[in-house]
Amino acid sequence: MKALMYHNISISPKEANLKSLYTNPSLFEAQVKLLKKLGYKSINSKDLKDFLEGRLKDDKYIIFTFDDAYVDVFENALPILKKYNFSAIIFVPAGLVGEYNRWDADRLNIKKPIASWDYMEKALKDSFEIGSHAIFHNPLTYLDTKSQIQEIHDSKKILEDKLGISINTFCYPYGDYDEDVVKIVENAGYDLAFSVNSGHIRAFDNPYTLKRLHMRHNTNLFRLLIKLSKLYA
Ligand SMILES: [Zn+2]
């Protein structure tokens, strides 16, 4: 089982720092086409839970994940995924919907628009999933316990109230977590949480520190094949 981690699906603007976060839409489509050709299928978070608990046998399963819920993902990536019949989970910083990447806009020298509720509602209609990426994208281990609980519990509630669905997946901002943070995520009622630890997902892995494969600006098809191979298992 493999989960892919993306951020922006667009051509990186000249002035932007950290261009590794951007995947060119034409490369993205080539990756999706390749996965289709290789026989990969999407599964949703419920199936992933079944897999982790030993109720679903491993197969050529792939989970697309997008951190930060940028507008470019909704405009450029989701139509391609829909065309090839793949689903995805989009992780939303619940306090910054319709705003921009306040947490790193200065450092990256660019304001990247985050999708509005309308975009999310449309994505849900198209069977994509929404997960929580906390409220303000703070690194959770740097916060006191009260703020950690707020970020983790309240982001779930904000998304559930606004979108009228249950939110079962969480993604740690900056991939930053420790034992206490994991416990709070579990107690908040999430079923699964994604980290930025690199690798494939195996049955009976900890459901709250799930690994992903990092998709960067230079992840060409050859590099993607390597990530899918046993080298990363
Ligand atoms: Zn993020």
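Quick note: the coordinates plus some simple rules give every number you see, no bench work behind them. Predicted, not measured: the structure shown is a model, and the values here were computed from it.
Observations on the structure shown:
- Residues whose amide H lies under 5 Å from that of TYR100, counting only those 5 or more places away or on a different chain, are ILE114; hydrogens are built 1.01 Å from N in the peptide plane.
- Averaging 1/r over every pair of different alpha carbons in region 2-232 and inverting the result gives a Kirkwood radius of 17.7 Å.
- Gain in span if fully extended, ARG216 to ASN24, counting 0.36 nm per residue against the direct Cα distance: 68.2 nm
- DSSP bridge pairs, the chain: antiparallel proportion in percent, nearest 5: 5
- GNM remark for the chain: springs join alpha carbons under 10 Å apart, and the peak mean-square fluctuation among THR141, THR23, THR209 falls on THR141.
- Which listed pairs, of LYS19/LYS227; LYS2/LYS83; LYS2/LYS111; LYS82/LYS183; LYS37/LYS230; LYS41/LYS111, have C-alpha distances above 26 Å, in listed order: LYS2/LYS111; LYS82/LYS183; LYS41/LYS111
- When each full DSSP H helix of the chain is screened for a Cα extent of at least 15 Å along its own axis and an average Kyte-Doolittle hydropathy of at least -1.0, the helices passing are 25-37.
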